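Q: Okay, handing you the structure first.
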Amino acid sequence: IFNIWRDGQGKRLPVILGEAGKMPAPQASPSTEGQTLPKLGLQLRPLQAMERLAIGSNGGMLVEAVSDPAQAAGILAGDVLLSVNGKPVTSIDQLRNTTRNTKGPVALLISRGGERLFVAVGLGAVTR
């Protein structure tokens with residue numbers, strides 16, 4: 001346990017010590033928890049606690065599968081979606097609400113291989 005002060009209040013954080021690069025990165029794998037967002041072309045699932053620790057993030061969603069338009073923009077299975085248009089991604093429902101009335105491309109902040117990058121993705125029409 002690590003004690004810190006933030007915003008004038010003490011907080012206790014669990015700490016796992018290790019060497020950088022020793023913790024496994026999140027891996028895409030078949031999951032019954034994954035949910036698809038056809039408008040973006042992403043199948044996502046919430047990160048597990050160890051996956052969040054591995055990338056140093058409090059939230060995000062693991063990309064399990066990709067189709068257009070996200071695939072055309074360069075998103076890969078195994079990427080971690082951190083934010084959309086500057087709003088942190090906390091759940092599939094929150095992501096749907098964020099993109100529901102959006103016209104045109106969205107800016108996705110993703111984590112890939114220890115790097116963070118922005119990717120513009122045009123929103124597709126859902127024809128199912």
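The values are calculated or read from the model by the stated rules, or taken from the named source; none is laboratory data. Bear in mind that the values here come from a model prediction, so they are computed numbers and not experimental data. Please note that ligands, DNA and RNA were not included when accessible areas were found on the heavy atoms of the full protein model with its side chains. Shrake-Rupley method; radii C 1.70, N 1.55, O 1.52, S 1.80 Å.
Q: Residue by residue through the stretch 40-46, which ³J(HN,Hα) values in whole Hz follow from phi under the Karplus form 6.51 cos²θ - 1.76 cosθ + 1.60 (θ = phi - 60°), with glycine and proline marked x?
A: Each residue's phi maps through the Karplus curve to give 9, x, 10, 10, 10, 9, x Hz.
Q: Under 5 Å between amide hydrogens, which residues at least 5 positions from L76 or on another chain qualify, with H placed 1.01 Å from N in the peptide plane?
A: Amide H to amide H, under 5 Å and 5 or more residues apart or across chains, L76 pairs with nothing.
Q: What list of ³J(HN,Hα) couplings, whole Hz, do you get for the stretch 101-107 from phi and the Karplus terms 6.51, -1.76, 1.60, once you set θ to phi - 60° and write x for glycine and proline?
A: Going residue by residue, I get 9, 6, 10, x, x, 10, 9 Hz, with x marking Gly and Pro.
Q: In whole Hz, what ³J(HN,Hα) sequence does the stretch 52-69 give by Karplus (6.51, -1.76, 1.60; θ = phi - 60°), x for Gly and Pro?
A: 4, 4, 4, 9, x, 10, 8, x, x, 10, 7, 7, 8, 8, 9, 9, 5, x
Q: Please give the per residue accessible area of the stretch 66-128, computed with a probe of 1.4 Å over protein heavy atoms only, in Å². Let's see the in-between values first.
A: Working: 3640 Å² over 63 residues.
Ligands and nucleic acids excluded, the figure is 58 Å² per residue.
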